[in-house]
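The values are calculated or read from the model by the stated rules, or taken from the named source; none is laboratory data. Predicted model, so just to flag it, every value in this text is computed and none were measured. All Cβ positions, even for glycine, are placed from backbone atoms using ideal geometry, and neighbour counts span all protein chains on display.
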Amino acid sequence: MKTNFFEQIAGLQINGNLLLNIHHDETGVITVSAVLKKGNITATAGNSLPPMLFKGTATELDEGFFGQFAQPVKQTVGIINNLETYQKELEKAKKNGKNDKDKIAKGGATEPEDDKDDEQNLFSPQVDDTEAKAQKKRLFDEAMERSKELAKQMKYVEALAQLPDPADHADKAELIESRRKEILAGKEIYDKLANQFKD
């Protein structure tokens with residue numbers, strides 16, 4: 001028996017990991033969960049994108065899986081690539097900001113950069129972490145605002161994905177949990193209404 005499953009996957013041109021989880025229940029319905037991951041994206045939403053879910057019988061999935069799968073995959077790859085680009089630019093800005101700060105501290109004298117010094121300082125503890133705290137607060141505030149806006153647009157799954165990790169913000173864990181509960185309550189109401197209109 002010859003299939004073209006892997007040729008179809010290769011045709012999607014995914015640069016990263018495609019994780020597929022296939023569940024077959026007793027009623028004959030197959031659920032396919034697909035998650036895309038790329039590199040070491042560490043931005044807030046990078047590793048918390050929700051999985052793509054597809055349900056149907058074996059015949060239905062054989063006939064329509066790749067037709068339904070291609071567009072969300074392209075969108076998700078675009079999101080991940082944007083996050084990757086954002087992180088690279090953020091690192092570049094941090095490095096440029098550090099270089100500018102060093103130049104000001106040295107009285108404006110410019111000296112050639114020594115990459116080995118940067119590597120050694122990469123893991124050394126920072127004496128003044130106010131800038132790091134300010135950036136962490138800014139990223140937290142931005143993630144909470146994005147989550148709020150997505151919830152207003154009734155994009156509840158995306159809103160949940162945008163919430164910061166409470167483990168990274170222990171001092172604001174209650175606020176994050178409160179927002180998560182609000183979003184879940186809105187999603188539950190929305191799902192109930194959507195189901196009523198389907199009937």
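Do we find that A173 is more than 21 Å from E91 (Cβ to Cβ), touching a Gly at 6+ places or on another chain (Cβ under 9 Å) and surrounded by 12 or more Cβ atoms within 10 Å (Cβ to Cβ) in this structure?
no
So how many residues does segment 85-109 have that are modelled with pLDDT under 75, in a helix (DSSP H, G or I) and of a type outside the set (K, R)?
Counting residues in segment 85-109 that are modelled with pLDDT under 75, in a helix (DSSP H, G or I) and of a type outside the set (K, R) gives 5.
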